[in-house]
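**Student:** Quick one: the structure is below, and I'll ask about it shortly.
The values are calculated or read from the model by the stated rules, or taken from the named source; none is laboratory data. Computed from a predicted model, the values in this text were never measured in an experiment. For neighbour counting, all protein chains shown are included, and Cβ atoms are generated from backbone atoms with ideal geometry for every residue, glycine included. We work out accessible area using only protein heavy atoms, side chains counted, and drop any ligands, DNA or RNA first. Shrake-Rupley method; radii C 1.70, N 1.55, O 1.52, S 1.80 Å.
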Amino acid sequence: MSKKALVIEDDKNIAELVRLYLEKDGFEVSRAADGGEGVEMFRAFSPDLVLLDIMLPVMDGWAVLREIRKLGSTPVIMLTAKSETPDKVTGLEMGADDYVTKPFEPKELMARIHAVLRRSDEPGVKKSNRLEYDRLVVDLDSYELIVDGRRVDTPPKELELLFHLASSPNRVFTRNQLLDEVWGFDYFGDSRTVDVHIKRLREKLEGVSDKWSVKTVWGVGYKFELTE
């Protein structure tokens, strides 16, 4: 069965170009021209992948991404003319899986699409794992983070990063190792991506327990440290 892609893009020329490349690659493609329509089509179409512009009428891409993340962990690639670092960081913090800046080469876009889908299909993130520590549950079966008995909304990639660290307590991972093992060997981003996700995780976990913590190993990387 072919995979389904939803393109939420108001520029007809760009949307048509992306559609042609996706269909040539065997995807079933639907397109929405504004954010409100995009959310409705996401619910009705149940895509395997979303390509999402930021500057959209009705609802902007940030609002659409928030709605998508309420509904599940479907891979989302932000597709936008904005290239400033704060916009990229915002997208990653909100749970986007990758970020492509216009103008782009269609072949690069397709490479990123395949990389994102491979990562989401990897056995290591098959949503059938659960870790429990003092006042902390990381559940990849339901994609939930439970902190001190309360569910904390967490973007999928943040949850996967925490799970990866906590699966090997006290082991130090370099930023490049985490990019390779959580995002995938063919991820096009840089090590700042890891720092952004660690920062957001610490905000959620600060002061919860004195039995574990997410530690920085200066000059090396990060670890999930158990103190007892």
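**Student:** Run the accessible area of the chain with a 1.4 Å probe and give the carbon-and-sulfur part as a rounded percent.
**Tutor:** Within the chain, the accessible surface is 48 percent carbon and sulfur.
**Student:** Can you give the FRET efficiency for A44 and V220, using 1/(1 + (r/R0)^6), R0 = 35 Å, r = Cβ-Cβ distance, to the nearest 0.05?
**Tutor:** With a Förster radius of 35 Å, E is 0.15.
**Student:** Sticking with this structure for a sec: Please work out whether the range 1-41 counts as rounded, prolate or oblate from its C-alpha gyration tensor, where a ≥ b ≥ c are the square roots of the eigenvalues and a/c under 1.5 means rounded, while otherwise a/b larger than b/c means prolate and anything else oblate?
**Tutor:** oblate
**Student:** Now a separate question. Please give, to one decimal in nm, the separation of the simple spin-label points placed at T174 and D134, each 7 Å out from Cα toward the Cβ.
**Tutor:** 3.3 nm
**Student:** Let me ask something else about it. Choose one of L6, F27, T227: the residue whose Cα lies farthest towards the positive end of the charge dipole of the chain (beta-carbon charges +1 Lys, Arg; -1 Asp, Glu; about the Cα centre).
**Tutor:** In the chain, that residue is T227.
**Student:** Label-point separation (nm) for K12 and R150, each offset 7 Å from Cα along Cα-to-Cβ?
**Tutor:** Result: 4.9 nm between the two label points.
**Student:** If you stretched the chain out fully between M110 and L71, how much longer would it get, using 0.36 nm times the residue separation minus the C-alpha to C-alpha distance?
**Tutor:** Full-extension gain reported as 11.6 nm.
**Student:** Ok, one more. Helix-derived [θ] at 222 nm for the chain: sum -39500 (n - 2.57) over DSSP H runs of at least 4, divide by residue count, nearest 500?
**Tutor:** It comes out at -12000 deg cm²/dmol, rounded to the nearest 500.
**Student:** Another question about this same structure. Measure off 7 Å from each Cα along the Cα-to-Cβ vector at K204 and D60, then give the distance between these two points in nanometres to one decimal.
**Tutor:** Going by the 7 Å Cα→Cβ label model, 2.4 nm.
**Student:** With a ≥ b ≥ c the root eigenvalues of the C-alpha gyration tensor of the range 128-187, is it rounded (a/c under 1.5), prolate (a/b larger than b/c) or oblate?
**Tutor:** prolate
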